[in-house]
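Engineer: A single structure is presented below for examination.
The values are calculated or read from the model by the stated rules, or taken from the named source; none is laboratory data. Given the structure is predicted, the values throughout are model-derived calculations rather than measurements. Don't worry about glycine lacking a Cβ; one is built from the backbone with ideal geometry, like all the others, and counts go over all protein chains shown. Ligands, DNA and RNA are stripped out before the accessible areas are found, and what is left, the full protein with its side chains, is counted by its heavy atoms. Shrake-Rupley method; radii C 1.70, N 1.55, O 1.52, S 1.80 Å.
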Amino acid sequence: MSETSAVPTAPLRARAEIDLAALRANVRALRARAAGAALMAVVKSDAYGHGALPCARAAVEAGATWLGTATPEEALALRAAGLDTRVLCWLWVPGGPWRQAIEADIDVSLSGLWALREVTEAARQAGQPARVQLKADTGLGRGGCQPADWPELVGEALRAEREGLVRITGLWSHFACADEPGHPSIAAQLTRFREMLAYAEEQGVRPEVRHIANSPATLTLPETHFDLVRTGIAMYGVSPSPELGTPADFGLRPVMTLSASLALVKRVPGGHGISYGHHYVTPGETTVGLVPVGYADGIPRHASGTGPVLVDGKWRTVAGRVAMDQFVVDLGGDEPPVGTEAVLFGPGDRGEPTAEDWAQACGTIAYEIVTRIGTRVPRVYVNGEQEG
């Protein structure tokens, strides 16, 4: 069944158009950059706001052989939808749901003994081994097992494997600064990862996959590719860092275009305050347009006075405060008809802003811009059928 939704004949209040052909092309481009490794399509947080199930299916069509999620609920939803691709899930708290994950054949990441002990007990109850991957903290200081505790975790995991309670399918870690070219932590983490891999393998661990490369490392650090690369933001056509290059520099294309229909166009006199707090006052008689999306839809309030929008072929700027459901742009005397499309961001082909432009305007990263777009904004999928 196609994931393509029919494009509506009447304008929507707002829409996030998701180009699945662009996503498939991005996956193929990333696979080419890491030709010796398998590719994991990371679809956590509803595929960074793009829609987990359509994006997961498109990524698999383009050659992704693994899917990655943060939470168990995300992983189980993929299985419930019929996706049988390997899935790794890495963000666990006490209580699981370990048994459901085991029975759904999901690989679970373990960073400490508490998690190993809970998953082995769930494996006993389920009557089948758990697929587990041991995560090493090589320097990020977030999830993962510290080097000092690694021998104990590896030893207990191997004992559980000998008892038939787990299969150690992977060894992995995560970079702290791969998006900062030349940062000294990159080489330090890679060295530590190799040391922790060597120890585990000397003890008898035989992983199916070893992996540390995220999107920036996939794009720029071939020595980090190992058996598998985990591509998140790059798969959606967003550069992981302006320092590394634009999406086009890497042969990638942004997948999401966010637009809305002008809800009102009106003429106002000079000296007129606009939106809460009157942080913008019209410098002279002008026209303003009402864009019917706000921070409840994921439009950053930090974009007040700075966020760029393409309306009627011209860049406009958010005038005054972004409110919960709407914001205003100064149209400078132009009078486009009500219902005219206002494009907040997209690939940039039509001169519209990009997610990176919004990130710069808000003092954040493009990851946040696309991921925070809320559920009130319908996702409209185009190019759902794979070419050929």
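Engineer: What is the calculated FRET efficiency for residue 263 to residue 364, with r their C-beta to C-beta distance and R₀ = 22 Å, to the nearest 0.05?
Structural biologist: 0.25
Engineer: Using 0.36 nm per residue, how much length does the chain from residue 65 to residue 80 gain when fully extended, once their Cα-Cα distance is taken away? Intermediate results must be reported in sequence, preceding the final value.
Structural biologist: Working: separation 15, 0.36 × 15 = 5.40 nm, distance 1.79 nm.
Using 0.36 nm per residue and subtracting the Cα-Cα distance, I get 3.6 nm.
Engineer: Go through 138, 182, 196 and say which Cα lies farthest out towards the positive end of the charge dipole of the stretch 104-210; charges sit on Cβ, +1 for Lys and Arg, -1 for Asp and Glu.
Structural biologist: Working it through, the farthest residue towards the positive pole turns out to be 196.
Engineer: 7 Å from Cα along Cα→Cβ at both residue 180 and residue 385: what's the point-to-point distance in nm?
Structural biologist: 4.9
Engineer: How much net charge surrounds residue 276 when only other residues with a Cβ under 14 Å from its Cβ are counted (Lys, Arg +1; Asp, Glu -1)? Could the numbers behind the result be given before it?
Structural biologist: On the way: positive: 301, 321; negative: 325.
Charge balance near residue 276 sits at +1.
Engineer: Sort 203-209, 227-233, 265-271 for me by packing, meaning the mean count of neighbouring Cβ atoms within 10 Å per residue, highest on top. Mind dumping the intermediate values first?
Structural biologist: Working: 203-209: 15.7, 227-233: 23.6, 265-271: 12.7.
In descending order of packing, they fall as 227-233, 203-209, 265-271.
Engineer: Where the only charges are on Cβ atoms (+1 Lys, Arg; -1 Asp, Glu), what is the dipole of the stretch 231-326 about its Cα centre, to the nearest 20 debye?
Structural biologist: Numbers: 7 positive and 6 negative charges, 49 e Å.
In debye, rounded to 20, the stretch 231-326 gives about 240.
Engineer: Please give the charge dipole size of the chain, origin at the Cα centre, charges +1 on K and R Cβ atoms and -1 on D and E Cβ atoms. Round to the nearest 20 debye. Present the calculation step by step, with values, prior to reporting the outcome.
Structural biologist: Numbers: 35 positive and 44 negative charges, 69 e Å.
With only Lys, Arg, Asp and Glu charged at Cβ, the dipole is about 340 debye.
Engineer: How do 292-303, 89-100 rank on mean C-beta neighbours within 10 Å, highest first?
Structural biologist: Ranked from most to least packed, the peptides come out as 292-303, 89-100.
Engineer: I would also like to ask the following. Of all accessible surface on the chain at a 1.4 Å probe, what whole percent is carbon and sulfur?
Structural biologist: Values: 8170 of 16010 Å².
Ligands and nucleic acids excluded, carbon and sulfur reach 51 percent.
Engineer: Using a cut-off of 12 Å between beta-carbons, work out the net charge of the residues near residue 42 (Lys and Arg +1, Asp and Glu -1, residue 42 not included). Could the numbers behind the result be given before it?
Structural biologist: Numbers: positive: 44, 230; negative: 46, 74.
The answer is 0.
Engineer: At 222 nm, what value in deg cm²/dmol follows for the chain if DSSP H runs of at least 4 each add -39500 (n - 2.57) and the sum is divided by all its residues, to the nearest 500? Write out the running numbers ahead of the final one.
Structural biologist: Values: 11 runs with 111 residues, N = 388.
So the calculated ellipticity at 222 nm is -8500 deg cm²/dmol.
Engineer: Moving to a separate point now. Rounding to the nearest 10 and keeping the result within 0 to 90°, find how far the Cα-based axis of helix 20-33 lies from the longest principal axis of the chain.
Structural biologist: The answer is roughly 50 degrees.
Engineer: Going highest first, how would you order 241-248, 169-176, 60-67 by mean Cβ packing within 10 Å?
Structural biologist: Details: 241-248: 16.0, 169-176: 22.5, 60-67: 20.4.
Result, highest mean Cβ count within 10 Å first: 169-176, 60-67, 241-248.
Engineer: Provide the FRET efficiency to the nearest 0.05 for the residue 375-residue 162 pair, computing r from the beta carbons and using R0 = 45 Å.
Structural biologist: For residue 375 and residue 162, the calculated efficiency is 0.45.
Engineer: Let me ask something else. So how far apart, in nm, are the two label points at residue 124 and residue 187 if each is 7 Å from Cα heading toward Cβ?
Structural biologist: 4.8
Engineer: Treating the angle as unsigned and between 0 and 90°, give the value, to the nearest 10°, between the Cα long axis of helix 150-162 and the longest Cα principal axis of the chain.
Structural biologist: Its long axis makes an angle of about 70 degrees.
Engineer: Using the Cα centre as the reference, give the magnitude of the dipole from point charges on the C-beta atoms of the stretch 1-142 (Lys, Arg: +1; Asp, Glu: -1; all else neutral), rounded to the nearest 20 debye.
Structural biologist: Working: 16 positive and 14 negative charges, 60 e Å.
Using Cβ point charges on Lys, Arg, Asp and Glu, the stretch 1-142 gives about 280 debye.
Engineer: With the other protein chains left in place, how much accessible area per residue, in square angstrom, belongs to the stretch 256-360 at a 1.4 angstrom probe?
Structural biologist: Values: 4410 Å² over 105 residues.
Ligands and nucleic acids excluded, the figure is 42 Å² per residue.
Engineer: Just to confirm a number: summing +1 for Lys and Arg and -1 for Asp and Glu over residues other than residue 358 whose beta-carbon lies under 12 angstrom from that of residue 358, what do you get? Walk me through the numbers before you get to the answer.
Structural biologist: On the way: positive: 372; negative: 352, 356, 357, 368.
Summing Lys and Arg as +1 and Asp and Glu as -1 gives -3.
Engineer: Which is farthest toward the positive dipole end of the stretch 318-388 among 363, 333, 347, measuring Cα position about the Cα centre, with Cβ charges +1 (Lys, Arg) and -1 (Asp, Glu)?
Structural biologist: Final value for the positive-end residue is 363.
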